[in-house]
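Each reported figure results from applying straightforward, stated rules to the coordinates on display, with no laboratory input. No experiment lies behind these values; they were computed from the predicted model shown. Note: ideal-geometry Cβ built from the backbone for every residue, glycine included; neighbour counts use all protein chains shown.
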Amino acid sequence: MEKTDIKNLKDIQHLVDTFYSKIRKDKLLKGIFEGVIQDRWPEHLEKMYRFWQTVLLDAHTYQGSPFAPHVHLPVEKKHFDRWVQLFFETVNSNFSGERADRAKWQGERMAEMFYIKINYYNNSSVSPLV
């Protein structure tokens, strides 16, 4: 099967659904995600569709602050590294093209920034604005 680029909401949904099905089976990450999301997976996935639709398709359907829900998660560098690894695997096995490359760049950039900010707030008396 020839891979194509991410073109529409259906592609975003496939990317998100495939990625989070990997997360939910991953030994390192599933407990963290299940602990926070619990039975709200449909709501979370819908939010991720809107986020990636905004980032990759310029549809501006996502509103909110992506970092705020992550600030108090019990995560370390290894968790972000695994997240990026699974995200890249998902993109690479399903898509190819400019938006697919942009998705990987954005995912890696976001993981790096979240890691830096979480470390900062864990080692500071300052609280993030939500």
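Pairs from the table (Lys10/Lys47; Lys47/Lys104; Lys77/Lys117; Lys27/Lys78; Lys7/Lys27; Lys22/Lys78) lying more than 22 angstrom apart at Cα are Lys7/Lys27. Rounded to the nearest whole Hz, the Karplus-based 3J(HN,Hα) values (6.51 cos²θ - 1.76 cosθ + 1.60, θ = phi - 60°) of the range 93-103 follow the sequence 7, 10, 9, 8, x, 5, 6, 4, 5, 5, 4, with x at glycine and proline. With 0.36 nm allotted per residue and the present C-alpha distance subtracted, the His60-Asp5 stretch has 17.9 nm of extension available. Sorting Lys77, Lys27, Lys117, Lys47 by the number of Cβ atoms found within 10 Å of their own Cβ, with the fewest placed first, yields Lys27, Lys77, Lys117, Lys47. Coupling constants for the range 104-110 follow from the phi torsions by the Karplus curve (6.51 cos²θ - 1.76 cosθ + 1.60, θ = phi - 60°), and in residue order they are 5, 4, 5, x, 5, 4, 5 Hz; glycine and proline get x. Simple point charges give the picture: +1 on the Cβ of Lys and Arg, -1 on the Cβ of Asp and Glu, and for the range 1-68 a dipole about the Cα centre of about 200 debye. Per-residue Karplus couplings for the range 111-116, computed as 6.51 cos²θ - 1.76 cosθ + 1.60 with θ equal to phi - 60°, are listed in order as 4, 5, 5, 4, 4, 4 Hz, Gly and Pro entered as x.
Using a 10 Å cut-off around each Cβ, can you sort Asp101, Asp26 from fewest to most neighbouring Cβ atoms?
If I rank by nearby Cβ atoms, fewest first, I get Asp101, Asp26.
Taking a ≥ b ≥ c as the square roots of the Cα gyration tensor eigenvalues, the range 9-122 comes out rounded, since a/c falls below 1.5.
In a reduced charge model with +1 at each Lys and Arg Cβ and -1 at each Asp and Glu Cβ, the range 9-122 shows a dipole moment near 200 debye about its Cα centre. Extension gain, Lys77-Tyr120: 0.36 nm per intervening residue step, less the Cα-Cα distance, totals 14.2 nm.
Each part gets one Cα centre, and for the range 87-109 versus the range 25-47 those centres are 21 Å apart. Among Ile37, Ile6, the order by Cβ neighbours within 10 angstrom, fewest to most, reads Ile37, Ile6.
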